[in-house]
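Here is the structure we will look at, set down as structure tokens.
The values are calculated or read from the model by the stated rules, or taken from the named source; none is laboratory data. Owing to the predicted nature of the structure, the values given are computational and were not obtained by experimental measurement. Heads up, the Cβs are rebuilt from the backbone with ideal geometry, glycines too, and the neighbour counts pull from every protein chain shown.
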Amino acid sequence: MEIKNALITGAASGMGKITAKRLAADGVHVAAVDVNEENLNQLKQESNNISIFPSTSFAKAHARITCGSFTAIHAIISIPYL
């Protein structure tokens, strides 16, 4: 299955950011979710394939994503906050 859209939690830093940038570079449309809005804004500036969703609630972010421009999510990658 080809991944066209991916949702990544913890995307503002560390492994989440690296994963978001790599997938976006490969042409995947990334929905980046994190509580750190400032870092998400920086990430968004690095690729046109990244949409940001600052949120403390995965459920709220998921609802905003699926009601927006994403018609389907092909991969969910959850990076835990340590």
Looking at Met15, Met1, can you tell me which residue is of a type outside the set (D, E, K, R), modelled with pLDDT under 85 and outside any strand (DSSP E or B)? Met1
Could you tell me how many of the residues in the stretch 1-18 are out of contact with any Gly (no Cβ under 7 Å at 6 or more places or on another chain), in contact (Cβ under 8 Å) with a residue 40 or more places away in the chain and more than 12 Å from Ala75 (Cα to Cα)? 3
Please go through the stretch 18-28 and give me each residue that is of a type outside the set (A, V, I, L, M, F, W, C) and either assigned to a helix (DSSP H, G or I) or buried (at least 19 other Cβ atoms within 10 Å of the Cβ) (or both), ordered by number. Thr19, Lys21, Arg22
Scanning the stretch 27-39 for residues that are closer than 17 Å to Ile76 by Cβ and either in contact with a strand residue (DSSP E or B) (Cβ under 6 Å, 6 or more places away or on another chain) or at pLDDT 95 or above (or both) gives Val28, His29, Val30, Ala31, Ala32, Val33
